[in-house]
Amino acid sequence: MSFEIQFFGATEQVTGSLYVVRANGHTVLLECGQVQGGRNEELQNREPFPIPVSDIDAVILSHAHIDHSGRVPLLFKCGYQGPVYAQLATVALCAIMLPDSGYLNEKDAEWQNKDRQQKGMDPLQPLYTKRDAEECMRLFRGVKYGAALEIVPGLTLRLHDAGHILGSAIVELECSDSDGKRRLVFSGDLGGRAAPVMDSPQKLRRADLVLMESTYGDRLHRPFADTLQELGDVIKSARADRGNILIPAFTVGRTQDLLYLMAEHFDAWQLKDWRIFLDSPMGIEANDTYYHYRHLYGAHLFGPDAHLLGLPNFHATRSTEESMSINPIRSGAIIIAGSGMCSGGRIHHHLKNNIARAECHVIFVGYQALGTLGRRIVDGADEIRLWGEKYAVRAQVHTIGGLSAHADQDDLIDWYSGFEDQPPLYLVHGEPFAQQALAAKIASRLGAVAAIARNAQTVEIKLAARRKRRWA
């Protein structure tokens, strides 16, 4: 019987994860993510799914980030009624993030339709709505780390801690048929070994084919001690400049890392002189989820009802009115708001009020996809456009890559080297230059071949040579 994977998303790009696994006559969708970026990139999300929705027997998600989960509501809208398997904490986070994504889709369509109406064009429907996202949650099935679950006849799923964000998983699929047992392992997004909150990714020993992310395959993160020094220096400089600090941050993962580090270095960074705002209803809900699933990681910071240990000057602003109350503050505010790539959300309002002020600072702490507003600012744009208005970029812009929730080149190679016999390896979730650099480094350091997954390419998962001898 055949056991194969076909690549349809996050091939030679970072976002839009989507792969089709065929095993024993059944079809499983591995990931169902949105493409993120500028308007042109995001149009890809409106393209039909690469296979008929009626053919899909099950869906597996590695974690809750929208580039991995964000088209599940669209799949549901197109008629899918099967199960969606994910780690228990991922299910809880998707219940927060997917409705928020649906709400943003509605607002985006509303904004675009004002322009389309003036041009005499037909109105644009949102990709999916908040209600679509809420209703699709009934399809989700929570899975514990390490538990074996047969999701279709002859195909067993196991999830292992990927160390990226709460509930993030390495996906292991084992196909049992007349040829024996063959094993596909997908890394999902891997965390780095120095992650502030999450534990290190789990290493697996056996696979017949490995699918691995490569977002930072061309670089090494700065030593974590240097990163902490850099972040402290920026805060010190901003304090002297008497401005505000804006931190566009992914509301799940990066936000929790930042809050943990601020509590840990509260005195060293003189944070008592600041007011720290988490201006993100979704981020506040995510903090509650981190508290509920605190047994999955080692850090202790998050308490019930958005209470944080060690940050007495922390303010969680849920309502629009609370968010707007930040606007008049001209100095002494650290504002953490989504989205992490500045592609929407409350960070736009804070950029509007601060980006043209030379005494203010903007700190980017995560990957900025091509085409996003965040990428344009990082790349040195002189001005940006928000709601049709132009704003000069005079604020000081900082990129602190050492806080990335992704593994760097050494981390990726170290994780893959844990497998016995160097199973076939395909790289996904990376821009081409990062993938080429990682493939070259794997060849020189391990003597292994890393192929770069191509869109629509199909790869059969065959029994590894040594494991085949064991079966003989």
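May I ask for the percentage of alpha-carbon pairs in the chain that lie more than 30 Å from each other?
When all Cα pairs of the chain are counted, 45 percent exceed 30 Å.
Specify the angular offset, from 0 to 90 degrees and rounded to the nearest 10, of the alpha carbon long axis of helix 254-264 from the longest principal axis of the alpha carbons in the chain.
60 degrees
Hey, any idea what the orientation-averaged projected area of the convex hull of region 396-446's Cα atoms comes to, in nm²?
Its Cα hull, projected and averaged over all orientations, spans 4.6 nm².
Taking Cα centroids, how far is region 110-175 from region 386-439 in Å?
22 Å
Quick check on packing: order 345-357, 193-205, 242-254, 62-74 by the mean number of other C-beta atoms within 10 Å, highest mean leading.
In descending order of packing, they fall as 62-74, 242-254, 345-357, 193-205.
Rounding to the nearest 10 and keeping the result within 0 to 90°, find how far the Cα-based axis of helix 432-446 lies from the longest principal axis of the chain.
Helix 432-446 sits at roughly 60 degrees to that axis.
How far, in degrees from 0 to 90, does helix 88-118 lean away from the longest principal axis of the Cα atoms of the chain, to the nearest 10?
60 degrees
How high is the relative contact order of the chain, given as a whole-number percent (alpha carbon pairs under 8 Å, six or more residues apart)?
Reported relative contact order: 19 percent.
Starting from the Cα gyration tensor of region 335-388, take the square roots of the eigenvalues, sort them a ≥ b ≥ c, and report rounded, prolate or oblate (rounded when a/c is under 1.5, otherwise prolate if a/b is larger than b/c, else oblate).
rounded
Just from the alpha-carbon atoms, what are the Rg and Dmax of region 224-403 in angstroms?
Radius of gyration, then largest Cα-Cα span, for region 224-403: 15.4, 46 Å.
Please work out whether region 106-168 counts as rounded, prolate or oblate from its C-alpha gyration tensor, where a ≥ b ≥ c are the square roots of the eigenvalues and a/c under 1.5 means rounded, while otherwise a/b larger than b/c means prolate and anything else oblate?
prolate
Enumerate the lysines that K236 could reach by cross-link, defined here as Cα to Cα under 30 Å, with residues fewer than 8 away along the same chain left out.
Straight-line reach from K236, under 30 Å: K272, K352, K390.
How much length is gained on full extension from K352 to R454, taking 0.36 nm per residue of separation minus their Cα-Cα distance?
32.7 nm
Let me spell out the model: positive unit charges on the Cβ of Lys and Arg, negative unit charges on the Cβ of Asp and Glu, origin at the Cα centre of the chain. What dipole size does that give, in debye rounded to 20?
Here the size comes out at about 340 debye.
What relative contact order, as a whole-number percentage, does region 66-162 give when Cα pairs under 8 Å and 6 or more residues apart are counted?
With pairs under 8 Å counted, the relative contact order is 35 percent.
Every read-out reported here was derived from the displayed coordinates using simple, explicitly stated rules and does not represent laboratory data. These figures come from a predicted structure and were not determined experimentally. Don't worry about glycine lacking a Cβ; one is built from the backbone with ideal geometry, like all the others, and counts go over all protein chains shown.
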